[in-house]
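Structure, as structure tokens:
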């Protein structure tokens with residue numbers, strides 16, 4: 001029988017204590033792994049979706065809300081702005097492109113974005129099938145929208161007023177799907193894209209319907225623009241200019257406070273697990289001192305006894321870490337499925353966050369250090385004095 | 001087979017064991033007698049290389065155990081010495097067979113299940129091979145301890161108080177087992193005890 005098998009036999013002989021120690025460790029690892037996965041994917045998505053847009057010009061209000069609604073398509077807009085006023089504000093050589101965005105309706109939870117062809121260029125979106133909207137009431141749909149609702153070119157879709165599924169349907173103004181977009185891994189995968197004119201056409205009966213848009217998505221032609229353009233728009237117009245990079249960093253900072261709190265909670269949980277592991281190994285060593293003496297009489301070296309104690313601790317540690325990672329990934333995946341059902345953030349447990357390797361190594365290293373004290377005690381245990389006392 | 005010269009062991013400033021000279025021939029069965037605290041277990045520990053004496057030498061099968069480095073002493077003990085302890089019998093969380101396999105592995109040998117089966121059958125406990133060692137009776141554990149001591153065909157078997165916890169009937173059985181199986185594998189047997197019931201069974205005795 002090898003040392004590892006004997007260590008396993010000792011663990012199996014105390015199933016409840018073993019399960020308790022492994023579970024405590026697993027819960028700590030799972031919490032941190034879950035947070036790493038979710039925050040990493042959220043950061044990645046925010047960065048990816050915000051990257052193509054340098055500045056958003058929209059109605060006054062919360063800049064975070066403006067960015068969330070027009071770039072991440074995750075909130076209601078701050079209001080509308082006049083097309084002419086917006087165009088005038090960006091008639092500037094520092095602006096490389098200005099893409100209009102008109103929001104207001106949705107299709108089964110997916111935003112319908114009134115815009116022009118440059119919107120597709122922002123996200124590097126290409127047509128997989130069909131053609132771009134050429135006439136009013138034509139739309140191209142993101143790959144995720146097509147996949148989830150089984151839509152093909154030529155299909156007819158009807159938008160609902162508002163950005164939730166519960167709004168009144170615009171049955172009298174159906175869209176015809178003119179094209180399907182190839183997957184990009186960005187927010188456009190979950191959008192229905194049409195012309196600004198189509199959005200205006202749907203809302204012609206609406207009292208507020210005027211040649212207005214929700215925002216302009218601006219790309220700079222020079223980095224200098226970042227210092228001048230937002231300040232100029234905010235100071236001289238009735239509109240606001242907000243930077244997606246800055247606002248998403250602010251948003252991540254806000255989320256980060258909660259994440260930090262949860263991470264501390266997980267660290268306390270893991271510290272408790274390490275302490276519990278230490279107590280379990282030390283008390284097991286005390287209970288098993290005659291077994292260790294017996295092993296020495298059979299020819300086991302002091303190093304073998306230390307290895308046995310270490311193997312027991314490391315088996316628990318590895319079990320806890322594997323279980324924890326599995327739980328963390330399972331929880332992230334379950335959250336992803338839940339959010340996908342709501343047509344929102346695509347989070348998956350089937351990927352690795354960069355910090356997870358560090359997490360696993362750190363937990364194993366700290367745990368192994370915890371096991372080292374009982375292992376050293378085992379190494380220096382004196383079978384002769386123990387046998388002489390009996 | 002066993003030669004002791006000028007052996008002395010001090011503990012906490014006092015001499016707990018002193019054996020000026022003693023020799024045991026190959027295949028002999030000897031008794032080490034003495035009251036509790038007379039140094040019987042210490043003597044066995046020194047012979048087994050589990051304790052280092054303050055002075056003197058112990059030679060087992062031509063090897064001076066007391067001069068061997070610790071790692072070689074452990075290996076020598078595993079290969080050449082079988083130990084039977086009073087209450088420290090078995091690793092309870094694994095099977096009887098695994099206990100014997102453990103002894104084989106620690107002696108640096110390949111696991112030899114045929115040898116294990118042969119020894120267990122010889123002791124009348126073949127059916128216990130798969131039983132968890134912590135769940136067998138005291139009498140059965142005593143036999144398993146003997147099986148483990150002889151499974152590697154040692155040159156020397158050291159038994160520490162093998163009968164003191166047993167009633168008369170079981171005492172006689174345990175002793176018979178030890179004598180019979182030591183003889184069967186051609187080993188020298190050294191039994192340390194304060195149990196006067198068995199002194200007549202041994203022609204050679206060392207009084208401490």
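The values are calculated or read from the model by the stated rules, or taken from the named source; none is laboratory data. Just so it is clear, the model here is predicted, and its values are computed rather than measured. Cβ atoms come from the backbone with ideal geometry, glycine included; neighbour counts cover every protein chain shown.
Just checking, does region B:102-120 include any residue being over 20 Å from residue A:290 (Cα atoms), buried (at least 18 other Cβ atoms within 10 Å of the Cβ) and more than 13 Å from chain A (Cβ to nearest Cβ)? Even if it seems obvious, please write down each step before you answer.
In the first step, residues of region B:102-120 are kept if they are over 20 Å from residue A:290 (Cα atoms); the result is B:108-120.
Now narrow it down to the ones that are buried (at least 18 other Cβ atoms within 10 Å of the Cβ): B:116, B:119-120.
If we keep only those that are more than 13 Å from chain A (Cβ to nearest Cβ) too, we end up with B:119-120.
There is at least one residue in region B:102-120 that is over 20 Å from residue A:290 (Cα atoms), buried (at least 18 other Cβ atoms within 10 Å of the Cβ) and more than 13 Å from chain A (Cβ to nearest Cβ).
Pick from A:347, A:376, A:366, A:279: which is over 30 Å from residue B:40 (Cα atoms), touching a residue at least 40 places away in the same chain (Cβ under 8 Å) and surrounded by fewer than 21 Cβ atoms within 10 Å (Cβ to Cβ)? Steps first, answer last, please.
Numbers: A:347 fails: surrounded by fewer than 21 Cβ atoms within 10 Å (Cβ to Cβ); A:376 fails: over 30 Å from residue B:40 (Cα atoms); A:279 fails: touching a residue at least 40 places away in the same chain (Cβ under 8 Å).
Being over 30 Å from residue B:40 (Cα atoms), touching a residue at least 40 places away in the same chain (Cβ under 8 Å) and surrounded by fewer than 21 Cβ atoms within 10 Å (Cβ to Cβ) holds for just one of A:347, A:376, A:366, A:279, which is A:366.
When region B:136-146 is examined, which residues are found to be surrounded by fewer than 22 Cβ atoms within 10 Å (Cβ to Cβ), away from chain A (no Cβ under 14 Å) and either in contact with a helix residue (DSSP H, G or I) (Cβ under 8 Å, 6 or more places away or on another chain) or closer than 22 Å to residue B:80 by Cβ (or both)?
B:136, B:139, B:140 - these are the residues of region B:136-146 that are surrounded by fewer than 22 Cβ atoms within 10 Å (Cβ to Cβ), away from chain A (no Cβ under 14 Å) and either in contact with a helix residue (DSSP H, G or I) (Cβ under 8 Å, 6 or more places away or on another chain) or closer than 22 Å to residue B:80 by Cβ (or both).
Residues are listed down the side, and each one gets a yes or a no for (1) within 26 Å of the chain's Cα centre (by Cα); (2) part of a helix (DSSP H, G or I); (3) closer than 22 Å to residue A:108 by Cβ; (4) modelled with pLDDT of 90 or more:
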{"residue": "A:165", "(1), (2), (3), (4)": "yes, no, yes, no"}
{"residue": "A:173", "(1), (2), (3), (4)": "no, no, yes, no"}
{"residue": "A:204", "(1), (2), (3), (4)": "no, no, no, no"}
{"residue": "A:208", "(1), (2), (3), (4)": "no, no, no, no"}
{"residue": "A:230", "(1), (2), (3), (4)": "no, yes, no, yes"}
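Residues that are out of contact with any helix residue (DSSP H, G or I) (no Cβ under 7 Å at 6 or more places or on another chain) and over 17 Å from residue A:72 (Cα atoms) within region A:240-252 are absent altogether.
Being in a strand (DSSP E or B) and within 12 Å of the chain's Cα centre (by Cα) holds for only one residue in B:56, B:82, and it is B:82. In region B:64-91, the residues that are at positive phi and more than 7 Å from chain A (Cβ to nearest Cβ) form no Cβ pair under 6 Å with any partner that is buried (at least 16 other Cβ atoms within 10 Å of the Cβ) and not in a strand (DSSP E or B), whether six or more places apart or across chains. With respect to the conditions (1) within 30 Å of residue A:369 (Cβ to Cβ); (2) touching a strand residue (DSSP E or B) at 6+ places or on another chain (Cβ under 9 Å), residue A:268 lacks only one, and its number is (2). Scoring residue B:84 on the criteria (1) buried (at least 21 other Cβ atoms within 10 Å of the Cβ); (2) modelled with pLDDT of 90 or more; (3) in contact with a helix residue (DSSP H, G or I) (Cβ under 8 Å, 6 or more places away or on another chain) leaves a single failure, condition (2).
Of all residues in region A:219-254, count the ones that are touching a residue at least 40 places away in the same chain (Cβ under 8 Å), under 14 Å from residue A:39 (Cβ atoms) and surrounded by fewer than 15 Cβ atoms within 10 Å (Cβ to Cβ). Within region A:219-254, residues that are touching a residue at least 40 places away in the same chain (Cβ under 8 Å), under 14 Å from residue A:39 (Cβ atoms) and surrounded by fewer than 15 Cβ atoms within 10 Å (Cβ to Cβ) number 0.
Among residues of region B:39-54 that are more than 8 Å from chain A (Cβ to nearest Cβ) and on the phi > 0 side of the Ramachandran plot, those with a Cβ under 9 angstrom from a residue that is in a loop (DSSP other than H, G, I, E, B) and at pLDDT 90 or above, sequence gap 6+ or separate chain, pair up as B:49/B:68.
The residue of region A:295-341 that is nearest to residue B:145 (Cα to Cα), among those that are within 14 Å of another protein chain (Cβ to nearest Cβ) and without any contact (Cβ under 8 Å) to a residue 12 or more places away in the chain, is A:298.
Residue pairs whose Cβ atoms lie under 7 Å apart, sitting 6 or more positions apart in sequence or on different chains, and linking a residue in region A:167-184 that is over 19 Å from residue A:195 (Cα atoms) and not assigned by TED's automatic domain parsing to the domain that holds residue A:133 to a partner that is surrounded by 14 or more Cβ atoms within 10 Å (Cβ to Cβ) and modelled with pLDDT of 95 or more, do not occur here.
Return the residue satisfying two criteria in turn: it lies in region A:370-390 and is assigned to a helix (DSSP H, G or I) and within 14 Å of another protein chain (Cβ to nearest Cβ), and of such residues it is modelled with the highest pLDDT. Out of the qualifying residues, it is A:379. All conditions in (1) touching a helix residue (DSSP H, G or I) at 6+ places or on another chain (Cβ under 9 Å); (2) within 14 Å of chain A (Cβ to nearest Cβ) hold for residue B:27, with the sole exception of (2). For region B:13-24, the set of residues classified as away from chain A (no Cβ under 14 Å) and in contact with a strand residue (DSSP E or B) (Cβ under 8 Å, 6 or more places away or on another chain) consists of B:15, B:18, B:19, B:20, B:21, B:22, B:23, B:24, listed by residue number.
Out of curiosity, is residue A:15 within 14 Å of another protein chain (Cβ to nearest Cβ) and at pLDDT 90 or above?
Against the criterion (within 14 Å of another protein chain (Cβ to nearest Cβ) and at pLDDT 90 or above), residue A:15 qualifies.
Just to be sure before I move on: is residue B:144 modelled with pLDDT of 90 or more and within 30 Å of residue B:37 (Cβ to Cβ) in the structure I sent? When the stated conditions are applied, residue B:144 passes them. Would it be correct to say that residue B:94 is surrounded by fewer than 23 Cβ atoms within 10 Å (Cβ to Cβ) and either modelled with pLDDT of 90 or more or within 14 Å of chain A (Cβ to nearest Cβ) (or both)? Taking the combined requirement at face value, the residue satisfies it. Looking only at residues in region B:121-131 that are loosely packed, with under 14 Cβ neighbours inside 10 Å and under 18 Å from residue B:185 (Cα atoms), the one that is modelled with the lowest pLDDT is B:124.
Filtering B:149, B:133 for residues that are in contact with a strand residue (DSSP E or B) (Cβ under 7 Å, 6 or more places away or on another chain), within 21 Å of residue A:308 (Cα to Cα) and within 11 Å of chain A (Cβ to nearest Cβ) leaves a single hit, B:133.
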